[in-house]
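Read the structure below first, then the notes.
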Amino acid sequence: MSNADRSKFFRAWLRKPLRIASVTPSSAALAALITREITASSAPVLELGPGTGVFTQALVARGVAENDITLVEREETFLGHLQQRFPQAGLLAIDVRDIGCADALRHRRFGAIVSGLPLPNLRRDDLYQLIADCFERLTQGGSFYQFTYGPKCPVPQVTLRALGLRSDKIGWTVRNFPPAAVYRISRRGCRVAADDAAMP
């Protein structure tokens, strides 16, 4: 991670601290953890709030082709950077709360969704709708991956139950600032694609 990336992220946080989850981009260790169940066979992949592209780079390293990745980012600070770094990826400059009505996503189905969003900062009804919209766009065995700095899954159990979903903690790392955990959210009673994936 370059100093320029850290500086860009910090300036974005100063301007919009509730929209940007941290003062610094996620670490390579967190990126490896949140993408560890994803392989080329998971494609296409949707990434929400990619920021400077740390998770995006990890997806490419896992074998996901750049043109099989769609990035949803509304912060102008990051848009040009992402377009330059990942020119073959799809890039949608929209609010994640609008993915349910985005024409570019209307008929797309993804094998995995990776989220860098600060979900605790969303209103509960907005969070419910976001998760519902995401699972409308996931294949039957697809999963939603979310990191958190908190002690539990940032999607409340009441929301998970209402949508027929479950959350499983897949790991935790101290090699991030702050230390973070990653949760896999998937449909109840459905064998997730990760069951067949090789875990490095």
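The values are calculated or read from the model by the stated rules, or taken from the named source; none is laboratory data. A quick note: this is a predicted structure, and the numbers were derived from the prediction, not measured. Every residue, glycine among them, receives a Cβ derived from its backbone with ideal geometry; neighbour counts consider all protein chains shown. Keep in mind that these areas ignore ligands, DNA and RNA; they rest on the heavy atoms of the full protein, side chains included. Shrake-Rupley method; radii C 1.70, N 1.55, O 1.52, S 1.80 Å.
Is it the case that segment 56-75 has a residue that's modelled with pLDDT under 95, among the acidic types (D, E) and open to solvent by 20 Å² or more (accessible area, probe 1.4 Å)? No; the residues of segment 56-75 include none that is modelled with pLDDT under 95, among the acidic types (D, E) and open to solvent by 20 Å² or more (accessible area, probe 1.4 Å).
G51 meets all of the listed conditions (1) assigned to a loop (DSSP other than H, G, I, E, B); (2) over 26 Å from T173 (Cα atoms); (3) in contact (Cβ under 8 Å) with a residue 60 or more places away in the chain but one, namely (2). When you look at A89, is it in contact (Cβ under 8 Å) with a residue 12 or more places away in the chain, farther than 30 Å from G164 by Cα and crowded, with 21+ Cβ neighbours inside 10 Å, yes or no? In short, yes.
Residue check: A29 meets all listed conditions (1) outside any helix (DSSP H, G or I); (2) surrounded by fewer than 17 Cβ atoms within 10 Å (Cβ to Cβ); (3) at pLDDT 95 or above but one, namely (1). Selection of segment 95-105 for residues being surrounded by 15 or more Cβ atoms within 10 Å (Cβ to Cβ) and under 15 Å from the mean Cα position of the chain (by Cα) yields V96, R97, I99.
In the list V64, V60, which residue meets the criterion of being among the hydrophobic types (A, V, I, L, M, F, W, C) and assigned to a loop (DSSP other than H, G, I, E, B)? Walk me through how you get there before you give the answer.
Numbers: V60 fails: assigned to a loop (DSSP other than H, G, I, E, B).
It is V64.
Listed by first and then second residue, the pairs with beta-carbon distance under 7 Å, at least 6 apart or on different chains, first residue in segment 106-120 and open to solvent by less than 10 Å² (accessible area, probe 1.4 Å), second assigned to a loop (DSSP other than H, G, I, E, B) and of a type in the set (S, T, N, Q), are V114/T35.
Yes/no matrix, rows are residues, columns are (1) under 14 Å from the mean Cα position of the chain (by Cα); (2) on the phi > 0 side of the Ramachandran plot:
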position: L33; (1), (2): yes, no
position: R36; (1), (2): yes, no
position: T39; (1), (2): no, no
position: L46; (1), (2): yes, no
position: G51; (1), (2): yes, yes
position: V54; (1), (2): yes, no
position: R62; (1), (2): no, no
position: E66; (1), (2): no, no
